[in-house]
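Asks: Dropping a structure here in structure tokens format, bear with me for questions.
Please treat every number below as a calculation from the coordinates, not as lab data. Bear in mind the structure is a predicted one, so any value in this text is a computation, not a measurement. Cβ coordinates were reconstructed from backbone atoms using ideal geometry, including for glycine residues, and neighbour counts include every protein chain displayed.
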Amino acid sequence: MTDQELRSTLISRIDHLETTLQAACARVGRTRAEVQLVAVSKTVSARVIRIMREMGITDFGESRPQVLWSKAEEIADVNWHLIGHLQRNKIERTAPLLHLMHTLDSTRLATSLNEEQLRKSRPPLSVIIEVNLTRESNKGGFSPEEVPPLGEFLASLPGIRIAGFMTMAAYSDNPESSRSTFAELRQLRDAMQQSWGNRFDLSQLSMGMSNDYAVAVEEGATLIRPGTTLFNGLESE
Ligand SMILES: *Cc1c(COP(=O)(O)O)cnc(C)c1O
């Protein structure tokens, strides 16, 4: 595809997503500005991301740190979100590139991220706690029971700033089947905001992918993570 063909393909996909998103916001009395689009670019090249960036999309999600490193070298002025597992030996190269990390999945990772930010005298890294609400063994994240006792520990780490919670619903063709999982994440967040108190601002809820982002917005998502609906078929571009 030429740049122009790619641009027009992306424009119509973004238009479709925006229409769906605004309708979902309207159904529950939210504004579009309350929801940040994180375009999950893990299947496409830096070229596709660059064209999308030129169209005004600012935030991109990558699941593999090494891929994020190489794309970040090629494209400036993008907010990078990590949406996959981060091994501790990749923290040093990854942390300085990140706008937001959606996948805090262990206390060891929290400790190491904290140490790295303090060692480099960087401002706190914004991180979101991943919760495995569906209890699927192939998914990362804390189990819901593990979350409440984390408050004291996380409050003792000045190098990271906890911004909220992230989850993935079980895969299904029917987006409605994600609703109870998303509602559960919101309820967990509300409960933790109450019990952990105002040392934390847990306002971010990262939930909703291509098939279920409208339901996620209805249930309070502030960050949505669609990939396929934007980039399907563009893997070779
Ligand atoms: C791949 C991925 C997405 C995007 O999924 P699509 O179904 O392609 O929209 C969102 N979140 C996470 C954590 C992912 O790994």
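Asks: Between ASN232 and SER156, what length in nm is gained on full extension when 0.36 nm per residue of separation is reduced by their alpha carbon distance?
Replies: Between ASN232 and SER156, full extension yields an extra 23.1 nm.
Asks: Apply 1/(1 + (r/R0)^6) to the Cβ-Cβ distance of SER70 and MET1, taking R0 = 25 Å, and write down the FRET efficiency to the nearest 0.05.
Replies: 0.70
Asks: Taking every pair of distinct Cα atoms and averaging 1/r, then inverting, what Kirkwood hydrodynamic radius in Å comes out for segment 1-55?
Replies: That comes to 12.6 Å for segment 1-55.
Asks: Also, quick follow-up: Please work out, to two decimal places, the log10 of the ratio I(q)/I(0) at q = 0.12, 0.13, 0.14 Å⁻¹ from a Debye calculation in which every Cα of the chain carries one identical scatterer.
Replies: Calculated log10 I(q)/I(0) at the listed q: -0.67, -0.79, -0.91.
Asks: Oh, and also: Given C-alpha coordinates of segment 96-237, what is the ratio Rg to Rh with the Kirkwood estimate of Rh?
Replies: 0.99
Asks: Then there is this: Semi-axes of the equivalent ellipsoid of segment 87-166: what are they in whole Å, largest first, if each equals the square root of 5 times a C-alpha gyration tensor eigenvalue?
Replies: The answer is 21, 14, 10 Å, longest axis first.
Asks: I'd like to compare 188-200, 94-106: which one has the highest average count of other Cβ atoms within 10 Å, and what's the full order after that?
Replies: Highest to lowest by the protection proxy: 94-106, 188-200.
Asks: Report, largest value first, the span of the C-alpha coordinates of segment 27-68 along each principal axis, in whole Å.
Replies: Here the Cα extents, ordered largest to smallest, are 39, 22, 12 Å.
Asks: Still on this model: Order 168-176, 218-226 from most to least packed using the mean count of other Cβ atoms within 10 Å.
Replies: Most protected by this proxy first, the peptides run 218-226, 168-176.
Asks: What are the semi-axes of the equivalent ellipsoid for segment 178-237, taken as the square roots of 5 times the Cα gyration tensor eigenvalues, largest first, in whole Å?
Replies: Taking √(5λ) for each eigenvalue gives 29, 13, 7 Å, largest first.
Asks: Restricting to Cα atoms and excluding each atom paired with itself, what does the Kirkwood estimate give for segment 1-127 in Å?
Replies: About 16.1 Å for segment 1-127.
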